[in-house]
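The values are calculated or read from the model by the stated rules, or taken from the named source; none is laboratory data. Because the structure is a prediction, the values reported are computed rather than measured. Virtual Cβ from ideal backbone geometry, glycine too; neighbours counted across all protein chains shown. All accessible areas refer to the heavy atoms of the entire protein, side chains included, with ligands and DNA or RNA removed. Shrake-Rupley method; radii C 1.70, N 1.55, O 1.52, S 1.80 Å.
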Amino acid sequence: AVESAKGKYAHMLFNELFEDYSNALRPVEDTDKVLNVTLQITLSQIKDMDERNQILSAYLWIRQSWYDAYLRWDKDKYDGLDSIRIPSNLVWRPDIVLYNKADDDFSEPVNTNVVLRYDGKITWDAPAITKSSCVVDVSYFPFDSQQCNLTFGSWTYNGNQVDIINSLDSGDLSDFIEDVEWEIHGMPAVKNVITYGCCSEPYPDVTFTLILKRKSSFYIFNLLLPCILISFLAPLGFYLPADSGEKVSLGVTVLLALTVFQLMVAEIMPPSENVPLIGKYYIATMTMITASTALTIIIMNLHHCGSEAKPVPQWAKVVILDYMSKIFFVYDVGENCTSPKREKEEERKLEGDDGCQRKHKEVRSPLSNRNDDCNLKEKLNGNWNKSYGVHGENVRESVNCCSCYKMLIKNIEYIANCVRDHKANRAKGIEWKKVAKVMDRFFMWIFFIMVFFMSVLIIGKAA
């Protein structure tokens, strides 16, 4: 019975209130009086942050409250009924809009009910999915912070007609749903009174500044960490043996991999002059890999210098072969790095001396025997001619025999000179190979240090 009585009084109240009411005019008794509208914004969820188009999509609860001078009643006359809920399109509503709206949809606000109290206070709670323009600074991406403004104000009423008052010093974040990409560090509210060039009247607005901090874990594990691991492969190209034929291929492969990651970042970021931090890291790494590939090609040319090349300059022998090879622990080409260098040299000397003595003996013994035979034949022929008077034909045969042995000696000496020249040319090529190997080790450590400091620098930005 009580509920039915209240329903009866509610219908009666509604008919009496809206009998001569018009929602087209500002509800004030004196037209010179300012109507105060209290605004409160509750952030429920961040739907999307489009960095490329610089648009923030957010789910908001917008609460507006004001006093309507023509919608008042005495609650005692209506059985203590102090409030009713009616459709919002039946009452006058302030035309407060989002100034920096970036949505193509210009539809009307959601037609939710308003709460009307007996003293004329109207409270209108309306949900809204807003798309606002936001100037995105991606200089420190993915360790960046953004500040996006949400500016609300009346579109047609100036400050002398409708004044906006923010109920709180900041937006309400009590019902905010945590976002997977962004952290909310505050939402302060500031009231501004601006006089535009078109009009002399002041226009008040309330600006809510949404302070966002990006959660960088996703980008660290998917964009930054693979780049760091790939960049550490570039110095290892100097460690590859030159005869493997894969030194240049490794550098080109690493460069292509980084190019793919660079394109992924470029698709996310807006086309602005501010290059993001991770983009700078990619560019620096790609430049370093390009330089390492070029140096690898130059060093391979040094490695493949043959016997026809010029000898290694004296300064290169002193600086590179004597000092730098010891600093970077570079052994001779073909030498086993596990055995000491001195023992290897002594073994080579011993083997070389024994081999030379054997060869010398082997070469000298037949030659000496043949020379002895030649001398013996000359003596015998001479004695034979003296004692028996042999004719000149026997003397010619002995001379021809000696000339054959002399030609054989000349041929052997020619072969020995060729072998000696071949060894000298081979030693020249070995020196160039060692120079190339030392330069490989030198640039490998230089590029390792560069990659390490670049990685520490960009990780330090995260801290």
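In table form, for the structure just shown:
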item	result
Residue within the range 107-129 that is in a loop (DSSP other than H, G, I, E, B), farther than 25 Å from Phe208 by Cα and open to solvent by less than 60 Å² (accessible area, probe 1.4 Å) present	yes
Residue match in the range 104-117 (condition: closer than 30 Å to Ala266 by Cα and not small (Gly, Ala, Ser))	yes
In the range 27-61, the residues that are outside any strand (DSSP E or B) and over 22 Å from Gly171 (Cα atoms)	Pro27, Val28, Glu29, Asp30, Thr31, Asp32, Lys33, Val34, Glu51, Arg52, Asn53
The range 68-81, residues that are open to solvent by 60 Å² or more (accessible area, probe 1.4 Å) and not in a helix (DSSP H, G or I)	Tyr70, Arg72, Asp74, Asp79
Matching residues in the range 247-280 - criterion: being exposed (fewer than 12 other Cβ atoms within 10 Å of the Cβ) and modelled with pLDDT under 80	Pro271, Glu273
Flag for Ser44 being open to solvent by less than 40 Å² (accessible area, probe 1.4 Å), closer than 23 Å to Ile164 by Cβ and modelled with pLDDT of 90 or more	yes
Number of the exception - Ile86 against (1) outside any strand (DSSP E or B); (2) out of contact with any Ser or Thr (no Cβ under 8 Å at 6 or more places or on another chain); (3) not acidic (Asp, Glu)	(1)
Given (1) more than 27 Å from Cys148 (Cβ to Cβ); (2) assigned to a helix (DSSP H, G or I); (3) open to solvent by less than 10 Å² (accessible area, probe 1.4 Å), index of the condition Leu224 fails	(1)
Output for the range 89-106, where each listed residue is outside any loop (DSSP other than H, G, I, E, B) and open to solvent by less than 30 Å² (accessible area, probe 1.4 Å)	Ile96, Leu98
For Met288: the one exception among (1) farther than 19 Å from Phe453 by Cα; (2) open to solvent by less than 30 Å² (accessible area, probe 1.4 Å)	(1)
Residue within the range 215-231 that is modelled with pLDDT of 85 or more and of a type in the set (Lys, Arg) present	yes
Residue that is nearest to Gly251 (Cα to Cα) [pool: residues in the range 287-317 that are in contact with a Lys or Arg (Cβ under 8 Å, 6 or more places away or on another chain) and modelled with pLDDT of 80 or more]	Thr296
Tabulated pairs, the range 196-221, first within 16 Å of Leu277 (Cβ to Cβ) and open to solvent by 50 Å² or more (accessible area, probe 1.4 Å), second in a strand (DSSP E or B) and at pLDDT below 95, C-beta under 9 angstrom, 6+ apart or interchain	Lys213/Ser145; Lys213/Gln146; Lys213/Trp182; Lys213/Glu183; Lys213/Ile184; Lys215/Trp182; Lys215/Glu183
Whichever residue in the range 135-150 is within 22 Å of the chain's Cα centre (by Cα) and at pLDDT 90 or above and, among such residues, is farthest from Ile62 (Cα to Cα)	Ser145
Any hit, the range 318-340, residues being open to solvent by less than 60 Å² (accessible area, probe 1.4 Å), among the charged types (D, E, K, R) and modelled with pLDDT under 80	yes
